[in-house]
Amino acid sequence: MSVYDLTGRKALVTGGARGLGAGMAEALARAGAAVVIGDIREELGQATVDAIKKTGGDAAFLPLNVTDDHSWERCVESTIAELGGLDIVVNNAGVEISSLVVDLDPDDIRTMLEVNILGTALGIKHAFRAMRPGGPAGRGGAVVNIASVAATIAFPGIAAYSATKSAVDRLTRVAAMESGKLGYAIRVNCVYPGLVPTEMGNQLAQDMVTLGLFPSVEECVGAVIGLTPHGRLGEVSDMADAVVFLASDASRFITGAGLPVDGGMGM
Ligand SMILES: NC(=O)c1ccc[n+]([C@@H]2O[C@H](COP(=O)([O-])OP(=O)(O)OC[C@H]3O[C@@H](n4cnc5c(N)ncnc54)[C@H](O)[C@@H]3O)[C@@H](O)[C@H]2O)c1
């Protein structure tokens, strides 16, 4: 059996209703895992589940607001009941609200802090509680957090977002340290995706024009590609395959790591 094979594993992907999270859920299911998509967008999430099932994958949708501790409790409990265990948690849900520093809006910053930092921190907490020895899932496993290339470079217009993604990076390292020291048998890693033209990625490029940082979306995208040695934008599958790697036994001795999946943009 391939070390990338996830047959028998149970996975929860936050923010899996659309975009990168949907691609990650699909890739995990293709690798053999049974997947729950946890998201606030129920209809979209159910449509993604239906698409996975159509290709023979095992998937279900559960409502989850990652900023709410009780929502996490309910979702993890229901995931274990639905799938019969939990081995993989992908903390992917995130929001990006662009702004020049001089115009930063406290409410927008709070929203990003809540979803990107609090949401990821609670995700790690509940993954640990469920998956550590003695927990209701109890077999150890892997947590994969989705940071961003924004945590590794300085791009204009995304100061607060970049700060939240740097925080995801640190959460990952400290959580991996605690898990190792306390014998949880849970690896914790993060991915730094480059720009991918999902709804979030496309909106970001549009915002750069609105903020007066680039004359057009094409020039903004061109500038990002120019900063990328590999010479293209990211694709959903680039990120999804990296998540499968970090969730699988192929990465069994990797923990506390941040994996850039950005065509070299952040090096
Ligand atoms: N697209 C990019 O260029 C890019 C680059 C680097 C990092 N990322 C990160 O990748 C992740 C996914 O990005 P995307 O491009 O797919 O974004 P997206 O906006 O297309 O999808 C985000 C998903 O998260 C869900 N979500 C938002 N708030 C939530 C909450 N409180 N609880 C549960 N679910 C919630 C949304 O409903 C949606 O399904 C994010 O963490 C983002 O910051 C994206």
key: Residues THR7 and ALA185, FRET efficiency given R0 of 25 Å [Cβ-Cβ distance, rounded to 0.05]   = 0.80
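Expressed as a whole percent, how much of the Cα-Cα distance distribution for region 58-159 exceeds 24 Å?
In whole percent, the long-distance tail amounts to 32.
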task = For region 178-194 and region 78-97, compute the distance between their C-alpha centroids and round to whole Å.
result = 15
Inter-label distance for VAL174 and ILE153, nm, one decimal - labels placed 7 Å from Cα along Cα-to-Cβ = 2.8
message = Taking just the alpha carbons, could you work out the radius of gyration and Dmax for the chain, both in angstroms?
response = 17.7, 56
inquiry  = Just to be sure I understand the model, the point goes 7 Å from the Cα along the line to the Cβ. What's the resulting ALA250 to ASP103 distance in nm?
reply    = 4.2
By average C-beta atoms within 10 angstrom, highest first, the peptides 13-23, 56-66, 32-42, 93-103 = 13-23, 32-42, 56-66, 93-103
query = Among ILE52, GLY141, ILE109, whose Cα lies farthest out toward the positive end of the dipole of the chain, if unit charges sit on the beta carbon of Lys, Arg (+1) and Asp, Glu (-1)?
reply = GLY141
task = Could you tell me, in Å, what Rg and Dmax come out for the Cα atoms of region 32-109?
result = 15.7, 50
For ASP262, residues with placed amide H under 5 Å, excluding near neighbours = GLY194
key: Convex hull volume per residue for region 126-262, taking Cα atoms only, in Å³   = 111
task = Among the lysines, select those whose C-alpha is under 23 Å from the C-alpha of LYS54, and discard any that sit fewer than 8 residues away in the same chain.
result = LYS10
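Laboratory data are not the source of any read-out in this text; all were calculated from the coordinates shown. Predicted model, so just to flag it, every value in this text is computed and none were measured. Neighbour counts run over all protein chains shown; Cβ positions are idealised from the backbone, glycine included.
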